[in-house]
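Peer 1: Before anything else, here's the structure in question.
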Amino acid sequence: MNIETVDLAPRIGTEILASRGTLLSGSEAQEIRRLLEQRGVVVFRKIDFDDEQQLAFAGTLGEIIAQGNKGIYKVTLDKKENDRADYLLGAFHWHIDGTTDDVPTRASLLSARRLSPSGGQTEFANTYAAYDDLPESEKKSLAKLKVVHHVEVIQRKIHTAPTPEQEASWRLYPPKSHPLVWNHQSGRKSLVLGSTSSHIEGMDIAAGRKLLAELEAWSTQPQFVYQHRWTLGDLLIWDNTGTMHRVVPYALDSGRMMHRTTLVAEEQLV
């Protein structure tokens, strides 16, 4: 094996030490995928991939979604660089990407291209580990619950006085219902939570939202969380099927720029 690893927190996050050549060859792709599922987040510090190399490396790990420029999507609040910058403000809240799609994406790779002077750290919460540590009685009570997710829910956390045009744009995306507990093909289970969660099907609205808030608070306890402090050239991958993430607030005019590549979903929510 041509990689070394260093765990970054007890329940989530591993740094991988490897050369660019090793990563681009794909020789360690299966081991990296294994670590990603087990640890939720893997980090390559100052690997300094350009876009072509980032895409080549991503292609060794899975099928790339054609977002942005051939798979490179600019995550920035600069409206000149991203015309959906207002939508990205939702990233300040805990979420899982793709909960308003039929199936959340497999994983994402994020590289640091321009940083904000302060703030901008990215936090990840391991919802595999959070589920594992629940009491057995609670696991049983959650097993059959379904949660309705909607773009409008997370956007209202940012835009507290939305315009009619904003509201209309959010409602272009239909709500999606997903199991609260994801039974993975691997046999493991994770919680599907986050700020897109509207309510629990068949449960009193207030009671359901209280339960979802309690589960989010449980899942974001320090033992389940890794905070990444970025340096230029870092590359990070997270397992989007078993982690929530959010960014620590930073100046909206800072020009912070991250390049993201996303991998296609590989299993259904069951």
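Peer 1: Show the residue pairs meeting these rules: Cβ distance below 6 Å; 6+ apart or different chains; first residue within region 40-68 and closer than 14 Å to residue 263 by Cβ; second residue surrounded by 18 or more Cβ atoms within 10 Å (Cβ to Cβ) and among the aromatic types (Phe, Trp, Tyr).
Peer 2: As it stands, the answer is 67/73, since those pairs meet every condition given.
Peer 1: Can you tell me which residue among 167, 138, 123 is under 18 Å from the mean Cα position of the chain (by Cα) and open to solvent by less than 70 Å² (accessible area, probe 1.4 Å)? Working first, answer last.
Peer 2: Details: 167 fails: under 18 Å from the mean Cα position of the chain (by Cα); 138 fails: under 18 Å from the mean Cα position of the chain (by Cα).
Only one candidate qualifies: 123.
Peer 1: Go through region 118-145 and report how many residues are in contact with a Gly (Cβ under 8 Å, 6 or more places away or on another chain), in a strand (DSSP E or B) and not aromatic (Phe, Trp, Tyr).
Peer 2: Going through region 118-145 one residue at a time, the tally reaches 1.
Peer 1: Looking only at strands (runs of 3 or more DSSP E) that lie completely in region 1-58, which have at least 2 residues being more than 14 Å from residue 234 (Cα to Cα)?
Peer 2: Working: elements: 4-7, 14-17, 41-44.
Counting at least 2 such residues, we get 4-7.
Peer 1: Could you list all residues from region 175-191 that are surrounded by fewer than 19 Cβ atoms within 10 Å (Cβ to Cβ) and under 9 Å from residue 143 (Cα atoms)?
Peer 2: Taking region 175-191 first, the residues surrounded by fewer than 19 Cβ atoms within 10 Å (Cβ to Cβ) are 175, 177, 179, 183-188.
Result: 179, single match.
Peer 1: Which residues, taken from region 195-214, are under 13 Å from residue 94 (Cβ atoms) and either touching a residue at least 40 places away in the same chain (Cβ under 8 Å) or among the hydroxyl-bearing types (Ser, Thr, Tyr) (or both)?
Peer 2: Once the filter is applied, which keeps residues that are under 13 Å from residue 94 (Cβ atoms) and either touching a residue at least 40 places away in the same chain (Cβ under 8 Å) or among the hydroxyl-bearing types (Ser, Thr, Tyr) (or both), region 195-214 yields 195, 196, 197, 212.
Peer 1: Looking only at region 38-81, count every residue that is under 28 Å from residue 10 (Cβ atoms) and open to solvent by 50 Å² or more (accessible area, probe 1.4 Å) and tell me the total.
Peer 2: The qualifying residues number 3.
Peer 1: A further question follows. For region 10-35, name all the residues that are touching a helix residue (DSSP H, G or I) at 6+ places or on another chain (Cβ under 8 Å), open to solvent by less than 70 Å² (accessible area, probe 1.4 Å) and not β-branched (Val, Ile, Thr).
Peer 2: If the condition is that a residue be touching a helix residue (DSSP H, G or I) at 6+ places or on another chain (Cβ under 8 Å), open to solvent by less than 70 Å² (accessible area, probe 1.4 Å) and not β-branched (Val, Ile, Thr), then 13, 23, 24, 26, 28, 29, 33 are the ones that fit.
The values are calculated or read from the model by the stated rules, or taken from the named source; none is laboratory data. It should be emphasised that the depicted structure is a prediction, and the values quoted were computed from it without experimental measurement. For neighbour counting, all protein chains shown are included, and Cβ atoms are generated from backbone atoms with ideal geometry for every residue, glycine included. Only protein heavy atoms, including side chains, enter the accessible area calculation; ligands, DNA and RNA are left aside. Shrake-Rupley method; radii C 1.70, N 1.55, O 1.52, S 1.80 Å.
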